[in-house]
1. If the stretch 124-167 were replaced by its equivalent ellipsoid, with semi-axes equal to the square roots of 5 times the Cα gyration tensor eigenvalues, what would those be, largest first, whole Å?
2. How much FRET efficiency would the formula 1/(1 + (r/R0)^6) give for Q176 and Y211, where r is the Cβ-Cβ distance and R0 is 51 Å, rounded to 0.05?
3. Enter the accessible area per residue of the stretch 83-136 (Å², integer; probe 1.4 Å; all protein chains in place).
4. For the stretch 112-224, take every pair of Cα atoms, bin their distances at 10 Å starting from 0, and report each bin as a whole percent.
5. Can you work out the Karplus-derived ³J(HN,Hα) for every residue in the stretch 186-195? Use 6.51 cos²θ - 1.76 cosθ + 1.60 with θ = phi - 60°, whole Hz, and x for glycine or proline.
6. For the stretch 1-139, with the dipole built from +1 on Lys and Arg beta-carbon atoms and -1 on Asp and Glu ones, taken about the Cα centre, which of P85, F27, V139 lies farthest toward the positive end?
7. Can you compute the FRET efficiency between S162 and L8 using 1/(1 + (r/R0)^6), with r the Cβ-Cβ distance and R0 = 51 Å? Round to the nearest 0.05.
8. Place a +1 charge on the Cβ of each Lys and Arg in the stretch 104-212 and a -1 charge on the Cβ of each Asp and Glu, then give the dipole magnitude about the Cα centre in debye, rounded to the nearest 20.
Amino acid sequence: MDLNLRVLIEPRGFIRIIQLVMSIFAFATTAGFETMATMEIKCKDYEKDVQYKFGYPFKLGKNELRVPERCANSSEVSFKTYTFPFDFSSNAEFFVAAGVLTLMFTSGIIFIYVFMHRLYSTNPMTPVVDLLGSGILSVFWFAGSCAWAQGVSDVKYYTNPSNLFHDIDICMEDVQTCRTISPGNFASLNVSLIFGFANCMLWISSLWFVYKETSFHQQVQPPAMLPQMGQQQAPPMQDQDLGNKMGGQYEY
(Lines give C-alpha, C1' and ligand atoms only; values in the text may rest on other atoms or scores of the structure.)
Protein backbone atom coordinates (compact mmCIF):
# COMPACT_ATOMS: atom_id res chain seq x y z
CA MET A 1 0.00 0.00 0.00
CA ASP A 2 1.52 3.29 -1.12
CA LEU A 3 0.15 6.59 0.12
CA ASN A 4 -0.37 9.32 -2.47
CA LEU A 5 -2.16 12.45 -1.29
CA ARG A 6 -1.06 14.55 -4.23
CA VAL A 7 -3.77 13.01 -6.40
CA LEU A 8 -6.38 14.84 -4.32
CA ILE A 9 -5.19 18.22 -5.64
CA GLU A 10 -5.10 16.98 -9.21
CA PRO A 11 -8.27 17.40 -11.33
CA ARG A 12 -8.98 13.68 -11.32
CA GLY A 13 -8.93 13.39 -7.53
CA PHE A 14 -10.31 16.82 -6.64
CA ILE A 15 -13.42 16.34 -8.76
CA ARG A 16 -14.07 13.05 -6.99
CA ILE A 17 -14.24 14.86 -3.64
CA ILE A 18 -16.73 17.36 -5.08
CA GLN A 19 -18.82 14.51 -6.49
CA LEU A 20 -18.84 12.80 -3.10
CA VAL A 21 -20.14 15.91 -1.33
CA MET A 22 -22.67 16.78 -4.04
CA SER A 23 -24.12 13.27 -4.05
CA ILE A 24 -24.73 13.44 -0.29
CA PHE A 25 -26.60 16.73 -0.64
CA ALA A 26 -28.62 15.42 -3.60
CA PHE A 27 -30.08 12.32 -1.97
CA ALA A 28 -30.28 13.83 1.53
CA THR A 29 -32.52 16.69 0.38
CA THR A 30 -34.84 14.11 -1.22
CA ALA A 31 -34.82 11.24 1.26
CA GLY A 32 -35.32 13.60 4.19
CA PHE A 33 -38.19 15.54 2.63
CA GLU A 34 -41.47 16.01 4.46
CA THR A 35 -44.04 18.76 4.22
CA MET A 36 -47.67 19.52 4.95
CA ALA A 37 -50.43 20.98 2.79
CA THR A 38 -53.11 22.94 4.63
CA MET A 39 -56.71 23.62 3.62
CA GLU A 40 -59.56 25.38 5.36
CA ILE A 41 -63.03 23.91 5.73
CA LYS A 42 -65.44 26.78 6.31
CA CYS A 43 -69.01 25.92 7.16
CA LYS A 44 -71.80 28.08 8.51
CA ASP A 45 -71.38 26.97 12.10
CA TYR A 46 -67.65 26.29 12.32
CA GLU A 47 -64.28 26.56 10.59
CA LYS A 48 -61.52 24.01 10.64
CA ASP A 49 -58.00 23.80 9.22
CA VAL A 50 -57.15 20.38 7.78
CA GLN A 51 -53.55 19.31 7.20
CA TYR A 52 -52.32 16.72 4.72
CA LYS A 53 -48.85 15.43 5.62
CA PHE A 54 -46.68 13.62 3.06
CA GLY A 55 -43.03 13.04 2.20
CA TYR A 56 -40.47 10.60 0.82
CA PRO A 57 -40.96 8.06 -0.78
CA PHE A 58 -44.15 9.82 -1.96
CA LYS A 59 -46.50 6.84 -1.83
CA LEU A 60 -49.53 9.01 -1.28
CA GLY A 61 -51.81 5.99 -0.94
CA LYS A 62 -50.33 5.48 2.53
CA ASN A 63 -51.01 9.07 3.64
CA GLU A 64 -54.43 9.76 5.11
CA LEU A 65 -56.45 12.94 4.97
CA ARG A 66 -59.20 13.37 7.58
CA VAL A 67 -61.80 16.02 6.82
CA PRO A 68 -65.33 16.67 8.10
CA GLU A 69 -67.83 14.50 6.28
CA ARG A 70 -70.35 17.33 5.87
CA CYS A 71 -71.24 20.71 7.24
CA ALA A 72 -73.23 20.30 10.44
CA ASN A 73 -73.36 21.61 13.94
CA SER A 74 -70.01 21.59 15.68
CA SER A 75 -71.27 18.98 18.13
CA GLU A 76 -72.36 16.65 15.33
CA VAL A 77 -69.28 16.81 13.13
CA SER A 78 -68.06 13.43 11.88
CA PHE A 79 -64.84 12.89 9.98
CA LYS A 80 -64.09 10.89 6.87
CA THR A 81 -60.68 9.54 5.92
CA TYR A 82 -59.41 9.83 2.34
CA THR A 83 -56.45 8.26 0.60
CA PHE A 84 -55.32 9.16 -2.90
CA PRO A 85 -53.95 6.55 -5.35
CA PHE A 86 -50.87 8.50 -6.38
CA ASP A 87 -47.44 6.90 -6.29
CA PHE A 88 -44.29 8.82 -7.25
CA SER A 89 -41.89 6.55 -5.39
CA SER A 90 -40.17 5.11 -8.48
CA ASN A 91 -38.80 8.47 -9.61
CA ALA A 92 -37.75 9.49 -6.11
CA GLU A 93 -36.14 6.16 -5.24
CA PHE A 94 -34.21 6.02 -8.51
CA PHE A 95 -32.83 9.50 -7.83
CA VAL A 96 -31.83 8.54 -4.29
CA ALA A 97 -30.28 5.29 -5.56
CA ALA A 98 -28.09 7.28 -7.96
CA GLY A 99 -26.86 9.33 -5.01
CA VAL A 100 -26.14 6.29 -2.84
CA LEU A 101 -24.30 4.48 -5.66
CA THR A 102 -22.25 7.62 -6.26
CA LEU A 103 -21.34 7.80 -2.58
CA MET A 104 -20.16 4.18 -2.60
CA PHE A 105 -18.27 4.44 -5.91
CA THR A 106 -16.47 7.71 -5.14
CA SER A 107 -15.49 6.51 -1.65
CA GLY A 108 -13.97 3.36 -3.13
CA ILE A 109 -12.17 5.08 -6.01
CA ILE A 110 -10.73 7.78 -3.74
CA PHE A 111 -9.36 5.01 -1.52
CA ILE A 112 -7.68 3.46 -4.57
CA TYR A 113 -6.33 6.85 -5.69
CA VAL A 114 -4.75 7.53 -2.30
CA PHE A 115 -3.75 4.14 -0.90
CA MET A 116 -3.34 1.99 -4.04
CA HIS A 117 -1.79 4.45 -6.45
CA ARG A 118 0.71 1.91 -7.77
CA LEU A 119 -2.07 -0.50 -8.70
CA TYR A 120 -3.91 2.27 -10.54
CA SER A 121 -0.76 3.24 -12.43
CA THR A 122 0.51 -0.22 -13.34
CA ASN A 123 -2.70 -2.18 -13.93
CA PRO A 124 -4.26 -0.96 -17.21
CA MET A 125 -7.68 -2.39 -16.30
CA THR A 126 -8.11 -0.24 -13.19
CA PRO A 127 -8.46 3.08 -15.07
CA VAL A 128 -10.76 1.36 -17.57
CA VAL A 129 -13.06 0.23 -14.74
CA ASP A 130 -12.92 3.77 -13.36
CA LEU A 131 -13.93 5.16 -16.75
CA LEU A 132 -16.72 2.61 -17.16
CA GLY A 133 -18.14 3.36 -13.71
CA SER A 134 -17.98 7.09 -14.37
CA GLY A 135 -19.86 6.65 -17.64
CA ILE A 136 -22.60 4.59 -16.00
CA LEU A 137 -23.07 7.11 -13.20
CA SER A 138 -23.22 9.93 -15.73
CA VAL A 139 -26.16 8.19 -17.40
CA PHE A 140 -27.75 7.48 -14.01
CA TRP A 141 -27.59 11.11 -12.96
CA PHE A 142 -28.97 12.38 -16.27
CA ALA A 143 -31.85 9.90 -16.32
CA GLY A 144 -32.53 10.22 -12.60
CA SER A 145 -32.54 14.03 -12.62
CA CYS A 146 -34.87 14.20 -15.62
CA ALA A 147 -37.24 11.65 -14.10
CA TRP A 148 -37.17 13.34 -10.70
CA ALA A 149 -37.84 16.77 -12.26
CA GLN A 150 -41.07 15.32 -13.67
CA GLY A 151 -41.75 13.63 -10.35
CA VAL A 152 -41.41 16.87 -8.40
CA SER A 153 -43.78 18.59 -10.81
CA ASP A 154 -46.34 15.80 -10.35
CA VAL A 155 -46.02 15.84 -6.56
CA LYS A 156 -46.64 19.58 -6.45
CA TYR A 157 -49.69 19.27 -8.67
CA TYR A 158 -51.41 16.26 -7.13
CA THR A 159 -50.85 17.30 -3.51
CA ASN A 160 -52.13 20.83 -4.01
CA PRO A 161 -55.35 21.08 -1.97
CA SER A 162 -57.15 22.84 -4.82
CA ASN A 163 -56.64 19.68 -6.94
CA LEU A 164 -57.91 17.43 -4.13
CA PHE A 165 -61.20 19.22 -3.60
CA HIS A 166 -63.00 17.35 -6.40
CA ASP A 167 -62.38 14.06 -4.51
CA ILE A 168 -63.64 15.35 -1.13
CA ASP A 169 -67.36 15.12 -0.54
CA ILE A 170 -67.75 18.23 1.59
CA CYS A 171 -65.88 20.29 -0.99
CA MET A 172 -67.95 18.91 -3.87
CA GLU A 173 -71.18 19.98 -2.15
CA ASP A 174 -70.11 23.62 -2.09
CA VAL A 175 -66.92 24.79 -3.77
CA GLN A 176 -66.69 27.83 -1.50
CA THR A 177 -66.58 25.60 1.57
CA CYS A 178 -62.94 24.60 0.96
CA ARG A 179 -60.01 26.93 0.51
CA THR A 180 -56.27 26.36 0.11
CA ILE A 181 -54.14 27.93 2.82
CA SER A 182 -50.74 26.44 1.97
CA PRO A 183 -49.71 23.88 -0.68
CA GLY A 184 -46.62 22.96 1.35
CA ASN A 185 -42.96 23.91 1.23
CA PHE A 186 -41.07 22.33 -1.67
CA ALA A 187 -37.80 24.25 -1.35
CA SER A 188 -35.90 21.10 -0.40
CA LEU A 189 -37.05 19.29 -3.55
CA ASN A 190 -36.11 22.25 -5.73
CA VAL A 191 -32.63 22.20 -4.22
CA SER A 192 -32.38 18.45 -4.83
CA LEU A 193 -32.99 19.05 -8.55
CA ILE A 194 -30.20 21.62 -8.65
CA PHE A 195 -27.82 19.14 -7.03
CA GLY A 196 -29.02 16.40 -9.38
CA PHE A 197 -28.24 18.25 -12.60
CA ALA A 198 -25.01 19.60 -11.09
CA ASN A 199 -23.95 16.00 -10.39
CA CYS A 200 -24.79 15.10 -13.98
CA MET A 201 -22.49 17.82 -15.32
CA LEU A 202 -19.73 16.90 -12.86
CA TRP A 203 -19.71 13.26 -13.90
CA ILE A 204 -19.75 14.05 -17.61
CA SER A 205 -16.85 16.49 -17.21
CA SER A 206 -14.87 13.97 -15.15
CA LEU A 207 -14.85 11.46 -18.02
CA TRP A 208 -12.05 13.32 -19.78
CA PHE A 209 -9.72 13.30 -16.78
CA VAL A 210 -10.29 9.58 -16.24
CA TYR A 211 -9.93 8.81 -19.95
CA LYS A 212 -6.46 10.38 -19.93
CA GLU A 213 -5.34 7.72 -17.43
CA THR A 214 -6.42 4.78 -19.58
CA SER A 215 -4.41 2.92 -22.18
CA PHE A 216 -6.75 4.27 -24.85
CA HIS A 217 -5.18 7.70 -24.50
CA GLN A 218 -1.71 7.32 -25.92
CA GLN A 219 0.59 9.89 -27.40
CA VAL A 220 1.03 9.27 -31.13
CA GLN A 221 4.73 9.20 -31.98
CA PRO A 222 5.71 11.32 -35.01
CA PRO A 223 6.84 9.24 -38.00
CA ALA A 224 10.54 8.95 -38.73
CA MET A 225 11.95 11.37 -41.34
CA LEU A 226 12.42 9.62 -44.69
CA PRO A 227 14.67 10.85 -47.50
CA GLN A 228 12.86 12.77 -50.15
CA MET A 229 12.16 11.09 -53.45
CA GLY A 230 14.77 11.73 -56.12
CA GLN A 231 17.58 12.11 -53.61
CA GLN A 232 19.95 9.19 -53.14
CA GLN A 233 22.50 8.83 -50.45
CA ALA A 234 26.07 8.44 -51.58
CA PRO A 235 27.32 4.88 -51.09
CA PRO A 236 29.92 4.44 -48.39
CA MET A 237 33.47 4.77 -49.63
CA GLN A 238 35.34 1.50 -49.73
CA ASP A 239 38.82 1.21 -48.21
CA GLN A 240 40.37 0.24 -51.60
CA ASP A 241 38.92 3.29 -53.34
CA LEU A 242 40.15 5.49 -50.52
CA GLY A 243 43.66 4.02 -50.85
CA ASN A 244 43.71 4.51 -54.63
CA LYS A 245 42.69 8.14 -54.26
CA MET A 246 45.28 8.80 -51.61
CA GLY A 247 47.94 6.94 -53.61
CA GLY A 248 47.06 8.84 -56.74
CA GLN A 249 47.99 12.09 -55.07
CA TYR A 250 51.68 10.98 -55.05
CA GLU A 251 51.91 9.76 -58.63
CA TYR A 252 54.24 11.79 -60.85
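1. 42, 6, 5
2. 0.20
3. 49 Å²
4. 12, 25, 20, 16, 11, 8, 6, 2, 1, 0
5. 10, 4, 5, 5, 5, 5, 4, 5, 4, 5
6. Final value for the positive-end residue is V139.
7. Once rounded, the FRET efficiency stands at 0.50.
8. In debye, rounded to 20, the stretch 104-212 gives about 760.
The values are calculated or read from the model by the stated rules, or taken from the named source; none is laboratory data. All values derive from a computational prediction rather than experimental measurement. Here the Cβ is made from the backbone with ideal geometry for all residues, glycine too, and neighbour counts use every protein chain on show. All accessible areas refer to the heavy atoms of the entire protein, side chains included, with ligands and DNA or RNA removed. Shrake-Rupley method; radii C 1.70, N 1.55, O 1.52, S 1.80 Å.
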